[in-house]
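Here's the structure, in structure tokens; my notes come after.
The values are calculated or read from the model by the stated rules, or taken from the named source; none is laboratory data. Since the model is a prediction, treat every value here as computed from it, not as a measurement. Virtual Cβ from ideal backbone geometry, glycine too; neighbours counted across all protein chains shown.
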Amino acid sequence: MRKIMLGTLFLVSTLFSAGGSVTFDKAFGGKEDDLAKTVIQTDDGYLIGGKTKSFTDNRDFDGYLIKIDKNGKKIWSKSYGGEDDEYINDIVKFGGGYAFVGSTETFGNERLSFYITQINPTGEIVWQKVYFKDEDDEYIGSSIATDGKDLVIAGTERHLNFMSSDISPFIFKLDNEGERGWEHYLGGKDDDYANKIIDTGDGYLVVGKTESYGHGDFDMYSVKLNKNGKWQWYNAYGGKDDDVVHDVIAVEDGYLLVGTTDSFGLNRSDVFVVKTDKTGKRLWQRSYGGSRDDEGYAITQSPDGGFVIAGRSESFSRRKGFELYLLKIDAKGKLKWERTYGGESDDAGYDIVTTKDGYLVVGDKKSQISRDSNVWILKLDLKGKL
């Protein structure tokens, strides 16, 4: 069920910026589609997770991990899965190694099941679990959080009915050996999704999008849970059109949610940020972008107290299509700078971490000729420059 491969390095550029920061621009992958959805910082570098078609025995996706050092040199890469599709959406440090979550078609109910794996520091499997409640339903593992002792998984159940489906956030707990504890559904009578979960010390915050609550179509959605997974409060944010949260971080006085809005953009999608207090009450909201589609996927706090957001942009692309989009805002949401990075075809940034001398962004870069994508990793200085 586990495969080990040597990935092909397509693009290598490592240098020092004017301020002395290590920066680099690298792509990893093979001849098929490969992309990165998540990254965490390790003691000696970074661990990047996503999915690969290049290093499998067939043309289906496998979960894909790449470990790099602080200069972007690959230490190891591994794929995880079976004969059908698997993918990794989120990673946390756990149990002296790491744990990741995604979904699998190979194992479980053979439709789509939660896929959770603990690995050691070199990527070897300690245990892996597959979970589903119904043979005929689909389960998307979106995010994983830990308090250091247990894991909490956030995802979505798609309950299939005749000619329709019911979609609900589904949250459950695992102990350090992968044994399941409590589980809860979140949401209302319409379709709702869970995209991200974070540990808050006194419980968990889950964010995504909701049709059950709010102001129009889909709205941004946040739910605060206690340590037993029970609701404490929930809120929806948005306007008459679609709005969604892809990422959230806790700050001293509340939370910062980042995603995409159709309600408050310039007739197209814009990056959307909502600041709340610790009870979920909205303090302010801002949208960013131009006259075409711009989307926000991840947020990190900068050393000066501001925030940097990663996503993709059509508005500021130097050619037709999307480019990876990075923007810096201050603590009150004022735009400080914005930059795009791109190649021959559509590119995106799906996750970002702050380092001592800048930011590391991961996503995918597509080839104009084949339209296949490679894992793309950018290490930038504190001003977002290579």
Qualifying positions in the range 177-212 - closer than 19 Å to Val244 by Cα, out of contact with any Pro (no Cβ under 8 Å at 6 or more places or on another chain) and part of a loop (DSSP other than H, G, I, E, B): Gly188, Lys189, Asp190, Asp191, Glu211, Ser212
- prompt: Cβ-Cβ below 6 Å, separation at least six or inter-chain, first residue in the range 332-361 and at positive phi, second at pLDDT below 95: which pairs?
  reply: Gly358/Ser21
- prompt: Out of the range 163-205, which residues are in contact with a strand residue (DSSP E or B) (Cβ under 6 Å, 6 or more places away or on another chain), within 19 Å of Ala236 (Cβ to Cβ) and among the charged types (D, E, K, R)?
  reply: Asp166, Asp191, Asp192, Lys196
query: Of all residues in the range 28-56, how many are part of a loop (DSSP other than H, G, I, E, B), among the acidic types (Asp, Glu) and touching a residue at least 12 places away in the same chain (Cβ under 8 Å)?
result: 3
message: So, in the range 263-286, how many residues would count as being within 20 Å of the chain's Cα centre (by Cα) and either under 20 Å from Asp347 (Cα atoms) or without any contact (Cβ under 8 Å) to a residue 60 or more places away in the chain (or both)?
response: 6
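Would you mind stating whether Tyr297 is in contact with a Phe, Trp or Tyr (Cβ under 7 Å, 6 or more places away or on another chain), modelled with pLDDT of 95 or more and assigned to a strand (DSSP E or B)? Before the answer, list the steps.
Values: in contact with a Phe, Trp or Tyr (Cβ under 7 Å, 6 or more places away or on another chain): yes; modelled with pLDDT of 95 or more: yes; assigned to a strand (DSSP E or B): yes.
For Tyr297, the condition - in contact with a Phe, Trp or Tyr (Cβ under 7 Å, 6 or more places away or on another chain), modelled with pLDDT of 95 or more and assigned to a strand (DSSP E or B) - is met.
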query: What single numbered condition from (1) within 28 Å of Tyr204 (Cα to Cα); (2) not β-branched (Val, Ile, Thr); (3) not in a strand (DSSP E or B) fails to hold for Arg286?
result: (3)
- request: With respect to Val375, determine if the residue is touching a residue at least 40 places away in the same chain (Cβ under 8 Å), assigned to a strand (DSSP E or B), β-branched (Val, Ile, Thr) and crowded, with 24+ Cβ neighbours inside 10 Å.
  value: yes
Wholly enclosed strands (runs of 3 or more DSSP E) of the range 57-121 bearing at least 2 residues at pLDDT 95 or above and within 16 Å of the chain's Cα centre (by Cα): 62-69, 86-94, 97-104, 113-119
query: Can you name the residue in the range 104-133 that is more than 18 Å from Ile40 (Cα to Cα) and acidic (Asp, Glu) and is also surrounded by the fewest Cβ atoms within 10 Å (Cβ to Cβ) among such residues?
result: Glu110
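Only one residue in Asp62, Asp136, Asp69 is surrounded by 20 or more Cβ atoms within 10 Å (Cβ to Cβ), acidic (Asp, Glu) and over 27 Å from Gly201 (Cβ atoms). Which one?
None of the others qualify; the one that does is Asp62.
Going through Lys336, Lys275, Lys281, Lys328 one at a time, which residue ends up being at pLDDT 95 or above, farther than 24 Å from Ser222 by Cα and touching a strand residue (DSSP E or B) at 6+ places or on another chain (Cβ under 8 Å)?
Details: Lys275 fails: farther than 24 Å from Ser222 by Cα; Lys281 fails: farther than 24 Å from Ser222 by Cα; Lys328 fails: farther than 24 Å from Ser222 by Cα.
After ruling out the rest, the residue left standing is Lys336.
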query: Given the structure, is Ile329 farther than 16 Å from Gly214 by Cβ, buried (at least 23 other Cβ atoms within 10 Å of the Cβ), over 18 Å from the mean Cα position of the chain (by Cα) and of a type outside the set (Gly, Ala, Ser)?
result: yes
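Does Leu266 meet the test of being of a type in the set (A, V, I, L, M), at pLDDT below 95 and either surrounded by 21 or more Cβ atoms within 10 Å (Cβ to Cβ) or farther than 19 Å from Thr210 by Cα (or both)?
Numbers: of a type in the set (A, V, I, L, M): yes; at pLDDT below 95: yes; either surrounded by 21 or more Cβ atoms within 10 Å (Cβ to Cβ) or farther than 19 Å from Thr210 by Cα (or both): yes.
In short, yes.
Is it the case, given these coordinates, that Lys320 is modelled with pLDDT of 95 or more, charged (D, E, K, R) and either assigned to a strand (DSSP E or B) or surrounded by fewer than 21 Cβ atoms within 10 Å (Cβ to Cβ) (or both)?
Numbers: modelled with pLDDT of 95 or more: no; charged (D, E, K, R): yes; either assigned to a strand (DSSP E or B) or surrounded by fewer than 21 Cβ atoms within 10 Å (Cβ to Cβ) (or both): yes.
Taking the combined requirement at face value, the residue does not satisfy it.
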task: Within the range 348-367, work out how many residues are more than 21 Å from Leu65 (Cβ to Cβ) and surrounded by 23 or more Cβ atoms within 10 Å (Cβ to Cβ).
output: 1
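From the set of residues in the range 323-359 that are of a type in the set (Ser, Thr, Tyr) and in a strand (DSSP E or B), which is farthest from Asp270 (Cα to Cα)?
Residues of the range 323-359 of a type in the set (Ser, Thr, Tyr): 325, 340-341, 345, 350, 354-355, 359.
In the following step, the residues that additionally are in a strand (DSSP E or B) were identified as 325, 340-341, 350, 354-355, 359.
On the way: Tyr325: 12, Thr340: 15, Tyr341: 18, Tyr350: 16, Thr354: 23, Thr355: 27, Tyr359: 22 Å.
Only one residue fits best here, namely Thr355.
Looking only at the range 300-317, which residues are outside any strand (DSSP E or B) and of a type in the set (A, V, I, L, M)?
Looking only at the range 300-317, we keep the residues that are outside any strand (DSSP E or B), and these are 302-306, 314-317.
Listed by number, the list is empty, since nothing qualifies.
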